[in-house]
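Worksheet: the structure to be examined is printed underneath.
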Amino acid sequence: MQALIFDVDGVIAETEEGHRLAFNRAFAEAGLDIEWSQELYERLLWVTGGKERIAHYLYHCPECPKLLEADIARLHRRKTELYNQIVASGEVPFRPGVLRLWREARAQGVKLAIATTTSLPNVEVLLRQAGEEVLGWFETIVAGDMVPRKKPAPDVYIRALENLGIAPEEALAIEDSQNGLIAAQKAGIPTLITYSHYTREQRFEGALAVLEHLGEPELPAQVVAGPRSCAMVVTLEVLRDWHGRFVRV
């Protein structure tokens with residue numbers, strides 16, 4: 001196990017609620033009578049990519065205006081600006097265990113990478129919450145607009161592996177959604193799931209394990225499915241054990 005490849009939304013932080021609020025504020029600013037509830041947004045998350053999500057919703061909304069592709073792109077840019085304001089204000093904290101595991105990986109020479117469908121500015125503003133130096137902890141960051149296809153296609157993971165210079169079985173992906181799991185599996189990467197509020201009801205067949213989060217000493221994580229069925233803290237030693245079992249199979 002030479003590298004850990006992280007998804008962003010729902011894995012590093014519970015960002016999806018911030019995204020939902022930003023979408024709604026962008027709609028309001030544009031004079032659109034659209035407001036996505038939590039229940040609706042949970043369904044819309046099956047469509048990966050912000051511009052794609054807007055286009056999908058408008059296509060299936062008879063009473064909504066039919067915006068041109070350029071209008072959707074402009075609306076999404078404004079949504080990204082609003083989201084970054086929300087994150088920069090500290091309203092989107094990191095999930096338990098993320099920073100701890102990053103520090104542990106760096107101390108033991110395990111590379112860190114990001115493979116996400118979100119935009120690069122979204123990733124950068126989130127990471128900067130933990131300090132300007134954190135951006136430099138990652139060997140590569142592959143965002144959705146850098147590849148032809150978004151998850152569940154494996155493109156971001158394939159690009160990340162190329163940039164890292166390693167084989168799929170030498171990496172471990174950490175995801176929160178079924179689309180993300182499928183993308184990592186198509187790239188041949190063993191995958192751990194730490195489900196989020198918006199993905200807790202999804203199915204995660206073939207994952208190394210499914211947990212509520214990565215855990216902290218004072219806040220252990222419950223393993224929902226996997227080699228252990230107990231409350232625990234996910235350490236690099238644990239990940240090496242689970243990864244090794246998968247690769248040997």
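The values are calculated or read from the model by the stated rules, or taken from the named source; none is laboratory data. Nothing here was measured: the structure is a model prediction, and the numbers come from that model. As a convention, Cβ positions derive from the backbone with ideal geometry for all residues, glycine included, and neighbour counts pool all protein chains shown. SASA here: full protein model, heavy atoms, side chains in, ligands and nucleic acids out. Shrake-Rupley method; radii C 1.70, N 1.55, O 1.52, S 1.80 Å.
Along its three principal directions, the equivalent ellipsoid of region 1-146 from the Cα gyration tensor extends over semi-axes of 31, 15, 13 Å, largest first.
Over all orientations, the chain has a Cα convex hull whose mean projected area works out to 13.0 square nanometres. The largest-to-smallest principal axis extents of the Cα set in region 103-187 are 32, 27, 22 Å. The residues packed around residue 18, meaning those with a beta-carbon under 10 Å from its beta-carbon, carry a net charge of -4 if Lys and Arg are +1 and Asp and Glu are -1. Sparsely packed loop sites in region 47-91 (the trypsin sites (Lys or Arg not before Pro) outside DSSP H, G, I, E and B with at most 16 other Cβ atoms within 10 Å) comprise 66.
In the chain, the DSSP beta bridges split such that about 25 percent are antiparallel, to the nearest 5.
Round to a whole number: what % of the accessible area of the chain belongs to carbon and sulfur, probe 1.4 Å? Mind showing how you got there, number by number?
Numbers: 5600 of 11200 Å².
The C+S portion of the solvent-accessible surface of the chain is 50 percent.
Shape summary of region 4-75, radius of gyration then Dmax from alpha carbon positions: 12.9, 44 Å. What does the charge add up to near residue 88, with Lys and Arg as +1, Asp and Glu as -1, over the other residues with Cβ less than 14 Å from its Cβ? Net local charge, residue 88 excluded: -3. What's the long-distance tail for region 170-223, i.e. % of Cα pairs beyond 13 Å? Considering region 170-223, 54 percent of its Cα-Cα pairs are separated by more than 13 Å. The separation of region 48-94 from region 144-175, counted between C-alpha centres, amounts to 24 Å. By the rule of a second cysteine Cβ within less than 4.7 angstrom, the chain holds isolated cysteines at 230.
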